[in-house]
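Engineer: Below you'll find the structure I mean.
The values are calculated or read from the model by the stated rules, or taken from the named source; none is laboratory data. Keep in mind it's a predicted model, so treat the numbers as computed, not measured. Cβ placement follows ideal geometry from the backbone for every residue including glycine, while neighbour counts extend to all protein chains displayed. When the accessible area is computed, the model is the full protein with side chains, heavy atoms only, and any ligands, DNA or RNA have been set aside. Shrake-Rupley method; radii C 1.70, N 1.55, O 1.52, S 1.80 Å.
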2 protein chains.
Amino acid sequence: MTRAVPDVSETAEEHGTAWRRIASELETAIGRGDYAVGDTLPASVVLAERYGVHRHTVRQAFRHLAEQGLVTVSRGRGTQVSARRVPYPIGRRVSMRSNFGKLGIVGSSETLSTAMVTGDAETCAQLGLEAGAPLWRIEGLSRADGTPMGTGTHWLSVERFPDFDHVFREAGASMTAAFKAVGIDDYVRLSTRLTARLASEREALLLEIAPGAAVMVSAATDALPDLTPIHLVNSVFAGERMEMVVEPFKE
Amino acid sequence: MTRAVPDVSETAEEHGTAWRRIASELETAIGRGDYAVGDTLPASVVLAERYGVHRHTVRQAFRHLAEQGLVTVSRGRGTQVSARRVPYPIGRRVSMRSNFGKLGIVGSSETLSTAMVTGDAETCAQLGLEAGAPLWRIEGLSRADGTPMGTGTHWLSVERFPDFDHVFREAGASMTAAFKAVGIDDYVRLSTRLTARLASEREALLLEIAPGAAVMVSAATDALPDLTPIHLVNSVFAGERMEMVVEPFKE
C-alpha cells in the first residue's frame, strides 16, 4: 500500500483513524521491543512527518499510550516508554506463541521443571480422571523477545499423554507444538479465570519484576474440540507487560 | 430437592461432584458475606454431617478454596476466610448487578460524581463521535453486600443520552437500569481489556483495600445489539475480591 501525500489539514475522521494506527504501531513496536522500557519515543514532529499527519495526531496517539500505562509524557524529556504491555486475546482459541507471532514478536518458552505426580482429587476431577491418577506437572516460562511475560504450571494426564515431559521439552515448551506432536492439531479454551494479586518472591525473580509488583493470575482449562478437558494451566503474568483481551463478537 | 441419605462410602465420581458442590456453596457464602474475612468456617466433621459426605470430601473443598486464595487452612485454627473473591462472568452480556443476584449477593452502587466534559479525540472515536463532542463522565462505586468491589469511570454521549447524569443517579448507579430507563432494554459487551497493577491511594481508599494492594484494571466497551458502541467504562476492581471468568463456550 502506498502512503497518501501528507495532509496536515486532515478531517476529524481522518484524525480519528490516523492516531489509532500510530498508537497501534507504537504499541506493537514497544511490545516487540523496538523501544525498551526507559527509551524515549521519537518526537511528535518526527513521527508526524513519518506518518504524514499533524503533530496533534501523534500527540493523541501518545496520550492513548499514556492512558494504557505504556508511556509517560513529560514536557522536558519527551515521551518515555514506561511499560511494555502485550495484548493477549482470550477467546475460544488461545495460543501465546501464535498471538506473539501476529504481533511481530518472537515468542519463546523454556521448561523449568517436569514431574510425574499423584493427582489430587480436584485436579483429576477437572481433567475427568479418578482421584489419584498420575499427572504431569510441568512448569514453564514464556518470553516475548526475551522479556519474561508469564510463568505457568501445566497439568495433564500421564495415561493420556505418555512421555509428555519429553514431548514438551522437545517442542520448545510450546503447548500448541507439543499437542501437535502427539496428534492433537486443534484444541479450545474452555475457561479462563483471571484475578490480580502481588507477586511472590519466586514469581518476581522468574518474571524479572519488582518484588511486590502486581501480577495477573490465570487459571485456565483447555479441551479437545469436543470439549473434553485435557490440560489445566495456572499462570502468573507480569501485569505491567501483559493485557488480556476479551472480544466475544470477534470469534 | 431432598438430600440423599448420607453415604460415607461414596464412589470417586460422587466424591468429585460432592466436593465441588460444597466448595461452590462455600464460595458463594463467602462471596455473599455469610462468612467474613477472618471468620473460621465450620469444621470438616460438621460440614461432612451437614452435606452427608465423608470429611475427606469437605477437606477437598477446603483445599480448593485455599488454592483460590479464599481461605487458609491451618491445623490449629481450622479453615479461615482470607479473601472474598466473587466470580464475574465476562461474556457477550456483562451485568454486575444481575451477576451478583444470581450468586445471592445484594449488589449496590453509588454515584461518586457526574460531569459534562468535552470529549477528547480518543474517547469520542471509541464512541463513534467527532472529537470534542460533549460527554458524560460519571464515576461510580459498586458494592457486594456492602463490600466495595470496584470503581469505574463511565463515558457516554450527552447528545445521545441527555439528562443521563440524573437518569444514572435515579437508577441507583446501575448502568443496566439506567439504560432501561432511556429505552435500551438490551446491550452487549464488545470488548474488555484486563490487566493488573497496584492500587493508587485514592483507589485504595475507595475500595477499602491496603495501599499498594493489587487491582484488576478493566477497559470495556458496551454496544447496542447491532454493535454500535454507546458506553465506555474504565474500572478498577479489588483483586482480592473479584475474579473475571471467561467461558466462551457457555454463551
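Engineer: Please work out which one of (1) within 10 Å of another protein chain (Cβ to nearest Cβ); (2) closer than 19 Å to A:Gly150 by Cβ; (3) not charged (D, E, K, R) is the condition A:Gly33 fails and give its number.
Structural biologist: Tallying (1) within 10 Å of another protein chain (Cβ to nearest Cβ); (2) closer than 19 Å to A:Gly150 by Cβ; (3) not charged (D, E, K, R), A:Gly33 fails exactly one: (1).
Engineer: Is there a residue in the stretch B:24-36 that is open to solvent by 50 Å² or more (accessible area, probe 1.4 Å), at pLDDT below 90, part of a helix (DSSP H, G or I) and over 26 Å from A:Leu127 (Cβ atoms)?
Structural biologist: yes
Engineer: Could you please let me know if A:Asp145 is touching a residue at least 60 places away in the same chain (Cβ under 8 Å), in the same structural domain as A:Ile230 (by TED's automatic domain parsing) and more than 19 Å from A:Ala220 (Cβ to Cβ)?
Structural biologist: Yes, satisfied.
Engineer: Would you point out the residue of the stretch A:137-175, among those that are buried (at least 19 other Cβ atoms within 10 Å of the Cβ), under 14 Å from the mean Cα position of the chain (by Cα) and of a type in the set (A, V, I, L, M, F, W, C), that is nearest to A:Ala204 (Cα to Cα)?
Structural biologist: Applying the filter and picking the extreme gives A:Met149.
Engineer: Another one. Among the listed residues A:Ser113, A:Ser44, identify the single one that is out of contact with any Leu (no Cβ under 6 Å at 6 or more places or on another chain), over 25 Å from B:Cys124 (Cβ atoms) and hydroxyl-bearing (Ser, Thr, Tyr).
Structural biologist: Details: A:Ser44 fails: over 25 Å from B:Cys124 (Cβ atoms).
Matching residue, one of A:Ser113, A:Ser44: A:Ser113.
Engineer: Is it the case, given these coordinates, that B:Gly132 is under 24 Å from B:Ile209 (Cβ atoms) and surrounded by fewer than 16 Cβ atoms within 10 Å (Cβ to Cβ)?
Structural biologist: no
Engineer: Out of the stretch A:91-131, which residues are within 19 Å of A:Ser218 (Cα to Cα) and over 19 Å from the mean Cα position of the chain (by Cα)?
Structural biologist: Residues satisfying the conditions are A:Glu122, A:Thr123, A:Cys124, A:Ala125, A:Gln126, A:Leu127.
Engineer: State the number of residues belonging to the stretch A:40-77 that are polar (S, T, N, Q), modelled with pLDDT under 90 and farther than 16 Å from A:Arg20 by Cα.
Structural biologist: So the answer is 2.
Engineer: Taking the condition of being over 22 Å from B:Ala144 (Cβ atoms) and either more than 11 Å from chain A (Cβ to nearest Cβ) or in contact with a Leu (Cβ under 8 Å, 6 or more places away or on another chain) (or both), how many residues in the stretch B:188-197 meet it?
Structural biologist: 2
Engineer: Looking only at the stretch A:89-121, filter to residues that are over 30 Å from A:Arg241 (Cβ atoms) and out of contact with any strand residue (DSSP E or B) (no Cβ under 6 Å at 6 or more places or on another chain); which one of those is surrounded by the most Cβ atoms within 10 Å (Cβ to Cβ)?
Structural biologist: A:Ala121
Engineer: Next question. Would you check which residues across the stretch A:56-88 are open to solvent by less than 30 Å² (accessible area, probe 1.4 Å) and aliphatic (A, V, I, L, M) and list them?
Structural biologist: Selection gives A:Val58, A:Ala61, A:Leu65, A:Leu70, A:Val71, A:Val81, A:Ala83, A:Val86.
Engineer: Looking only at strands (runs of 3 or more DSSP E) that fall completely inside the stretch A:208-251, which ones have 1 or more residues that are more than 17 Å from the chain's Cα centre (by Cα) and within 9 Å of chain B (Cβ to nearest Cβ)?
Structural biologist: In the stretch A:208-251, the matching strands (runs of 3 or more DSSP E) lie at A:214-223.
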